[in-house]
Structure formats: C-alpha cells, structure tokens
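As structure tokens, the structure follows; a few thoughts come after it.
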Amino acid sequence: MDFTTYQTESRKTAQAVECNHSIAYPTLGLVNEAGEFAGKIKKIFRDKNGVISESDRQALKGELGDVLWYLTQLCTELNLSLEEVAASNIEKLFSRLERGKISGDGDNR
C-alpha cells in the first residue's frame, strides 16, 4: 500500500469530534508543555551527554511551571484539589510498593 492510498482509506475511519469543552484546552496545553519539557531533556542527552547546566535547570523549571499551570487548571475543571490528586497518587504508589508491583505496566497492578 502506498501512502496516498493509506491516507484516502484511513480517512473513512475518521470522525469529527466536537471539543468545545472547558477541559479540552488545558488538556492539550498539558500535553504540549510536557512535550516541550521532554524535548529539552532529549537535547540535553543528545548534545550534552546528559549534563544539566544551571541554564538548562532554569529552562526546565519554566517548562515544569507551565505543566503545573495546566495540571492545576485541569484539577479545577474536574473539581479536584492538587492535594487530593497528590494524596491519591502516593496512596496508589505505596500500595504498589507494598505488593511488589512498582515495576511493570498497567494502571491496575
């Protein structure tokens, strides 16, 4: 199969999805900012042998601040507090630790 055929055929399975919801923008923002953070980390390993300079640290701090902002907006839209989310996450992680399930995949391990 060539890409022109794939593009034509795959379009038959696409659906327009209405995203006019208050959670759409912060979700996309969160993913975007996490990607920017990951891109900076990639370049540190690619170009600097994994050595994080002070200027890198400051740039990463800025990206993490943006991630935090979008995460906070999502929590607000979902009527969750950051404390509630953090406590739930620690509870989940310690449960996995106690059961020897820190490694592996899947949300329900």
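The values are calculated or read from the model by the stated rules, or taken from the named source; none is laboratory data. From a predicted model like this one, the values you see are computed outputs, not experimental measurements. Here the Cβ positions follow ideal geometry from the backbone for every residue, glycine too, while neighbour counts run over all protein chains shown. The area values use the complete protein model at the heavy-atom level, side chains included, leaving out ligands, DNA and RNA. Shrake-Rupley method; radii C 1.70, N 1.55, O 1.52, S 1.80 Å.
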Next on the checklist: For a quick check of your reading of the model, give me the residue pairs whose first member lies in the range 33-48 and is open to solvent by 70 Å² or more (accessible area, probe 1.4 Å), whose second is at pLDDT 95 or above, with beta-carbon atoms closer than 8 Å and at least 6 apart or on different chains.
Outcome noted: GLU36/GLU63; GLU36/ASP66; LYS40/ASP56; LYS40/ALA59; LYS40/LEU60; LYS40/GLU63; LYS48/ASP56
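Could you please give the count of residues in the range 51-65 that are open to solvent by less than 60 Å² (accessible area, probe 1.4 Å) and within 17 Å of the chain's Cα centre (by Cα)?
Number of matching residues: 4.
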Item to check | Complete set of residues in the range 57-81 that are assigned to a helix (DSSP H, G or I) and either in contact with a strand residue (DSSP E or B) (Cβ under 9 Å, 6 or more places away or on another chain) or more than 18 Å from LYS40 (Cα to Cα) (or both) | outcome: TRP69, TYR70, LEU71, THR72, GLN73, LEU74, CYS75, THR76, GLU77
Checklist entry - How many of the residues in the range 38-56 are more than 19 Å from PRO26 (Cα to Cα) and assigned to a helix (DSSP H, G or I)? => result 13
